[in-house]
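Note sheet for the following structure.
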Amino acid sequence: MERVHRIQSHPQFQTLWKNLQEAEENRAFCRHTMEHFLDVARLMYIYALEDGAKLRKDVIYAAALLHDIGRYEQLVSGTPHDIAGARLAGEIMQDCGFTSEEIQSVQGAISEHRKRDGAAGKETLSAYLYRADKQSRPCFVCPMREACNWSEETKNVWIEY
């Protein structure tokens, strides 16, 4: 998982990460913490294992670590975080030894991670990222559940497996 360690320690990732943590310090709703990123990675990996998908573990972790890295840009400039994140992921991953094909796969997954229809029913990195991102949120115990702008159909009101 050397390439994942390179992402984690990449100067651009570190700066974006720090800025995002500071910007969301007083956020009442779900924050984009390292715990969230790792929960998403672990769920993606479990789903891929269960399905027998032929996805590299480090590519799964790269997608999970980078899927919300564009959130700070969204807060500052209004650029949707999936668009900003896909661009930023490409910049960071190129420096960390990922192939062009792996970078494109992760960028596609990040671009689609908010689109239910784009990822439904497929054993792809995009589908796993969408599912894990949503399932990682424990809405059923969230004190902000009633004020959240997620639709009731989207909120996790049960433990899913």
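Assorted remarks:
- Qualifying residue in region 48-69 (condition: surrounded by fewer than 17 Cβ atoms within 10 Å (Cβ to Cβ), within 15 Å of the chain's Cα centre (by Cα) and under 25 Å from R131 (Cβ atoms)): yes
- In region 15-47, of all residues being part of a helix (DSSP H, G or I) and of a type in the set (D, E, K, R), the one that is nearest to the chain's Cα centre (by Cα) corresponds to D39.
- Residue under evaluation Q12, criteria (1) part of a helix (DSSP H, G or I); (2) more than 14 Å from L88 (Cβ to Cβ); (3) open to solvent by 40 Å² or more (accessible area, probe 1.4 Å), criterion not met: (2)
- Number of positions in region 93-106 that are touching a residue at least 40 places away in the same chain (Cβ under 8 Å), in a helix (DSSP H, G or I) and either under 14 Å from the mean Cα position of the chain (by Cα) or closer than 18 Å to R56 by Cα (or both): 4
- Number of residues in region 123-148 that are open to solvent by 30 Å² or more (accessible area, probe 1.4 Å) and either farther than 25 Å from G108 by Cα or aromatic (F, W, Y) (or both): the value is 11.
- Listed by first and then second residue, the pairs linking a residue in region 34-57 that is of a type in the set (S, T, Y) to a residue that is open to solvent by less than 80 Å² (accessible area, probe 1.4 Å) and modelled with pLDDT under 95, with Cβ atoms under 6 Å apart and 6 or more places separating them unless they lie on different chains, are Y47/Y128.
- All positions within region 124-144 that are closer than 9 Å to N156 by Cα and assigned to a helix (DSSP H, G or I): K134, Q135, C139, F140
- The set of residues from region 72-88 being surrounded by fewer than 21 Cβ atoms within 10 Å (Cβ to Cβ) and within 18 Å of T15 (Cβ to Cβ) comprises E73, Q74, L75, V76, S77, T79, R87.
- Residue match in region 29-45 (condition: surrounded by 12 or more Cβ atoms within 10 Å (Cβ to Cβ), more than 18 Å from I60 (Cβ to Cβ) and of a type in the set (D, E)): no
- Selection count where residues are closer than 23 Å to L38 by Cβ and part of a helix (DSSP H, G or I), scope region 67-86: 10
The values are calculated or read from the model by the stated rules, or taken from the named source; none is laboratory data. The structure presented is a predicted model; accordingly, all values stated were derived computationally and were not measured. Positions of Cβ are generated from backbone atoms using ideal geometry, with glycine treated the same way; all protein chains shown enter the neighbour counts. Ligands, DNA and RNA are excluded from the accessible area calculation, which covers all protein heavy atoms including side chains. Shrake-Rupley method; radii C 1.70, N 1.55, O 1.52, S 1.80 Å.
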